[in-house]
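Presented below is the structure to which this report refers.
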Amino acid sequence: MADLLFYLMAALATVAGVGVVVARSPVISVVSLLASFGALAVIYLLAGYQFLAAIQILVYGGAVMVLFLFTVMLLNLGDPDVTSGQTEPLFHGSRRSLIGLCTATVMGAAGLVAVLRVAWNEMPSVLAIPEGGLDPLDQLAAQMFTRYSLPFEAASVLLLATAVGVLVIAKRNRPGEKAFPSRAVAAEAAPTAPAAPQPASKPLPEPGPEPEEVLS
Amino acid sequence: MTDLILLLIKASVIYGGLLGCAALMTLAERKVSAWMQYRIGPNRVGPFGLLQPLADGVKFIFKEDVTPDGANPWMFRLAPLMAAVPAMMTVAVVPFAGDVTLFGYDFGPLSIADLDIGILFVLAIGGLGVYGVILGGWASNSKYSLLGGLRASAQMISYELSLILIVLSIVAMTGSLDLREIVAAQTGTFLGVLPDWNVFQQPVAFVLFVIATFAETNRLPFDFAECEPELVGGFHTEYSSMKFALFFLGEYCAMIVMACLTTVLFLGGAEVPYWADAPWFLQLPAFMVKAGFFCFLFIWVRWTLPRFRFDQLMHLGWKVFLPVALVNLFLTGLLISF
Amino acid sequence: MVIVQRKSLSLAERLYLPEVLRGLSITFKKIFQPAITRQYPEEPLPTTEVTRGQPRLVVKDDGNIACVSCGLCEAACPAYAITIDGQETDRFIEREPERFDIDMLRCILCGFCEEACPKDAIFMSNELELADYSRSGLVYDMEKLKRPASALKGRMDYIKRINDRWQTSSST
C-alpha cells in the first residue's frame, strides 16, 4: 500500500516536473510545480517526516508558489500560445539553450548516480532513516543550526542572489528607457509616447494624475 | 481492520457534520442579516426555512453550467475544487471532544487524525485554499475575476504571515504543535478564577487572530476577492451552477474551520470550564457553543461593518498586525524564559 | 465652496476596535426588534374604496346584470381591452350583453370605463392579483367579471359621493 503510494507519488512528481518545463502557459507551469511539491510532501509523509511535509506545503505550496503566480500574472508576459497556437521551440540552438541543456544533463546525471547508489545500498535510502520516532523536530533544528549552519546560510545567500537576478531579468529594457527610470526620467520620456491627438503648439501637460486635464 | 472501520465512521460523522454546518451557515447568514434589518428571512421552505439550504442545493444543481469564452477549461474546472477541498481537509485534525464511548464501545477521541503537527497541517493545507481563488480568477478570462484573484492572493499572503506569528506565540507557550496538547495545556484555572484559556493569557494575540481569520477567509470587512460594488463578483464572477456552489462551500467550510481553530487555540477547545474530566457528550456541546459563537461573529461582523479600502487593508496587515504580532511573540518568549 | 472641517480622531477612534464593538452592539440590539415584514399572500395589502383595482361588472340584487351593453366603456377604453356584443332581452331595459370580455393583459386599470358607464354597471374593485398560466386565461369573460352589488358596495358609494360633489360644484 505504502509502496504503491510512493511509486504513484514519484510518478506524479516526475510528470508534474516535466509539465513545468513543457507547459506553454506560465500559470500551468506554476500549477504543475505545485502538484510536484504536493507529491513530494506526500513522499515525506510516507517517510515519516510530518514536519518536513507540512513545511513543504506551507512554505513552497502556500507562500512561494502564490508569489510566483502573483508575479506571473502581473508580469503580463503575453501568452503567445493562446491566440496563435504557435510556440517557441524548446531547443533552438542558441547559447542559452546549450547552457540549459548542459545544466539539465549534469543534474540528471547526479540524480541518476544518487538513485543507483541507493539501489546498491552504498547510501542509506531516505525512506529508511526515521527509526527514532516521527517527531525529529528538535533533532532537525539542532542539525540545521550546528552541523549544517554553513550550507544553510549559503542557501539563503543563493536565494538572495536569485531574487536579485530575477529582478534584473524581469525588468525588460524598452528602447529609450533606462533600466530603472526615476520619476523625473519617466516624466521626460512621456511626451514621446503616442498620446491622444492634440494641437502641436499646445504644450503637453504633465503626465498624470487627472485624465480630464489631458483631454481639455 | 476495525481501526479502518472506526476511522471511516468518525470521518463520515465529522464530514457530515461539517457539510451540514456549512449548509446551516448559509441559512444563518440570511436569517441573521434579516433579523438585523427588521426582516424575517427565508421561512417558506420547511419550518423556519430550515430546508432552504436543500432547496438552494437543488437549484444550484439544475442551473446552467456556463464556461466563458476564452477561459482555460482545465483550470476553470480545477479552481472550485482547489477552493473547497483544502478547507474541508483541515477539519481532519480538529479535536472536537475527548474519548467517545457509545453503546459500551470506545471510539477513541473525536477527531479524524491526531497529528503531531496538527496546527501546522491546518495552516499549510488551509493556505492552499487561496489557489482556488487565484486560479479561478485567472482562468475565467475576465478582468474582474483576475483583479479579484490578485487581490485575494496579496491579502491572504499578508495575513497568513501575521496568523502564523500569532499561532507561534501560542505554540511557544504550549511547547507543542499538537492541537490536542494545546487543548490539554488550557485546563485548570488562571489567576484562581478564570479558566486557564489562552484568551486570558494572550488577549492581544486573540484579537489579532480573530481579525486575521476574517482576512484569511475573505469575509466582509476584508472581502476584496469578491468586492461586489467594484468587481461584480470578483473571482467567481464567471462561475455558475455547482462550480459556484463549491466556491461557496469552501468559503463556509473555511469559516467553520477557522472558528474551530480559534476555539482550540484560545478557548480551551472542548473543555467544559472548571470541569476537566467532563464526559464527551458534554464536551462536544461545549465545543459547538464556543465555535458557534465565532461562526455567528463572522455573520455578525459582515452585516455590521463596511468594507475596507485595499490600501487600508495592506496598511493594517503589514504596518500594524505584523509588528504587533512580532512584539507579542517576543514578549511571550521573554515570559517563557523567565 | 464649502470647507469641511474634519475633527481629528481620538485615540479610541483611531484604534478602531471600540468603534467596531459599538457598531456590533447596535446590530445585535436590532436582532431582537420585531420584524416589519408583511407576509404577503397570507397578509394581503389593506385596500380601501379608493383602491383602483381590476374592473368588475355589477350584478344587481334581483340577479340581473346592470349592464345594458351601450358600448360607452368600450369606446372609452384607451387600451382597447373591452369587447362587448349586445343582445335583446325581455326585461324592461330591453338590452343586455351577450358577451363582455376584458383582456386583463391589456387593461391599464385607468378607470375610464367606470367613469363612462351611465348605468353604474362597471366598477373598479379592490381585486389586485392577476396571474395565470396562459394568455387566453387572462381574457376574462362575463362570468369571471360578475360581482354581486354587495361586494362592490363601498366603491359604488364612494363613486356616487365623488360624482355628486363634482356635479354640485360645477353647476353652481
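Projecting label points 7 angstrom from Cα along Cα→Cβ for A:Val115 and B:Lys63 puts them 4.7 nm apart. The relative contact order of chain B comes to 23 percent, based on Cα pairs under 8 Å that sit 6 or more residues apart. Once all protein chains are placed together, A:Tyr49 keeps about 50 Å² accessible to a 1.4 angstrom probe. Solvent-accessible surface of the protein assembly as shown, averaged per residue with a 1.4 angstrom probe and all protein chains in place: 58 square angstrom. For segment B:106-112, putting each phi into the Karplus relation 6.51 cos²θ - 1.76 cosθ + 1.60 with θ = phi - 60° gives couplings of 8, 8, x, x, 7, 7, 6 Hz, in residue order, rounded to whole numbers and with x for Gly and Pro.
Could you list, in their original order, any pairs among B:Lys319/C:Lys7; B:Lys63/B:Lys290; B:Lys10/B:Lys59; B:Lys31/B:Lys290 whose Cα atoms are separated by more than 26 Å? Beyond 26 Å between Cα atoms: B:Lys63/B:Lys290; B:Lys10/B:Lys59. Surface composition of segment B:1-159: carbon plus sulfur atoms hold 70% of the accessible area, using a 1.4 angstrom probe and ignoring ligands, DNA and RNA. With chain C treated as a Gaussian network of Cα nodes joined by springs under 10 Å, which of C:Ala12, C:Ala66, C:Ala116 yields the largest mean-square fluctuation? Per the Cα network of chain C with a 10 Å cutoff, C:Ala12 tops the list. If you run the Gaussian network model on chain C, springs between alpha carbon atoms under 10 Å, then out of C:Gly154, C:Gly111, C:Gly23 the most flexible one is C:Gly23. Do any chymotrypsin sites (Phe, Trp or Tyr not before Pro) in segment B:84-144 lie in a DSSP loop with no more than 14 other beta carbon atoms within 10 Å, and if so, which? Answer by residue number: B:Phe103.
Ranked by solvent-accessible area (1.4 Å probe, protein heavy atoms only, all chains present), the residues B:His236, B:His315 order from largest to smallest as B:His315, B:His236. Considering all different alpha carbon pairs of the protein assembly as shown, the Kirkwood hydrodynamic radius works out to 32.2 Å. Counted over segment C:55-163, the DSSP beta bridges are approximately 80% antiparallel.
By the rule of a C-alpha distance below 19 Å, with chain neighbours fewer than 8 residues away ignored, the aspartates and glutamates paired with B:Lys243 are B:Asp56, B:Glu64, B:Asp65, B:Asp69, B:Glu226, B:Glu228, B:Glu251. Legend: calculated FRET efficiency, A:Leu158 to B:Phe338, from the Cβ-Cβ distance at R0 = 51 Å, rounded to 0.05, equals 0.85.
Segment B:35-54 and segment B:175-189 have their alpha-carbon centroids 39 Å apart. Applied to segment C:145-162, the Karplus parametrisation 6.51 cos²θ - 1.76 cosθ + 1.60 on θ = phi - 60° returns per-residue 3J(HN,Hα) values of 8, 5, 9, x, 4, 5, 5, 9, 3, x, 5, 4, 4, 4, 5, 4, 4, 4 Hz, with x for Gly and Pro. Based on Cα contacts under 8 Å between residues 6+ apart, chain C shows a relative contact order of 24 percent. For the pair B:Leu54 and B:Val207, label points projected 7 Å from Cα toward Cβ lie 4.5 nm apart. Here the Gaussian network model covers chain C, with springs between Cα atoms less than 10 Å apart; of C:Lys29, C:Lys146, C:Lys60, C:Lys29 fluctuates the most.
Per-residue ellipticity at 222 nm, computed for the protein assembly as shown from helices alone with -39500 (n - 2.57) per DSSP H run of at least four residues, works out to -17500 deg cm²/dmol.
Which translational diffusion coefficient, to the nearest whole µm²/s, is obtained for segment C:14-172 from the Stokes-Einstein equation, given a Kirkwood hydrodynamic radius over C-alpha pairs, 20 °C and 1.002 mPa s? The estimated diffusion coefficient comes to 114 µm²/s. Pairing chain A with chain B buries about 2000 Å² of accessible area. This figure sums both sides and uses a 1.4 Å probe. Here's the picture: charge each Lys and Arg Cβ at +1 and each Asp and Glu Cβ at -1 in segment B:207-286, and of B:Phe266, B:His236, B:Ile211 the one pushed furthest to the positive end of that dipole is B:Phe266. Counting lysine pairs in segment C:55-163 that sit 8 or more residues apart in sequence, or on different chains, and whose Cα atoms lie under 12 Å apart gives 4. For segment B:93-157, taking Cα atoms only, Rg and Dmax work out to 18.9, 59 Å respectively.
With K and R counted +1 and D and E -1, the other residues having a Cβ less than 13 Å from that of B:Pro279 yield a net charge of -4. Just the protein heavy atoms count here, and of the accessible area of segment C:1-42 at 1.4 Å, carbon and sulfur take up 64 percent.
The values are calculated or read from the model by the stated rules, or taken from the named source; none is laboratory data. The shown structure was predicted, so the numbers you read here are calculated from the model rather than taken from an experiment. Cβ coordinates were reconstructed from backbone atoms using ideal geometry, including for glycine residues, and neighbour counts include every protein chain displayed. All accessible areas refer to the heavy atoms of the entire protein, side chains included, with ligands and DNA or RNA removed. Shrake-Rupley method; radii C 1.70, N 1.55, O 1.52, S 1.80 Å.
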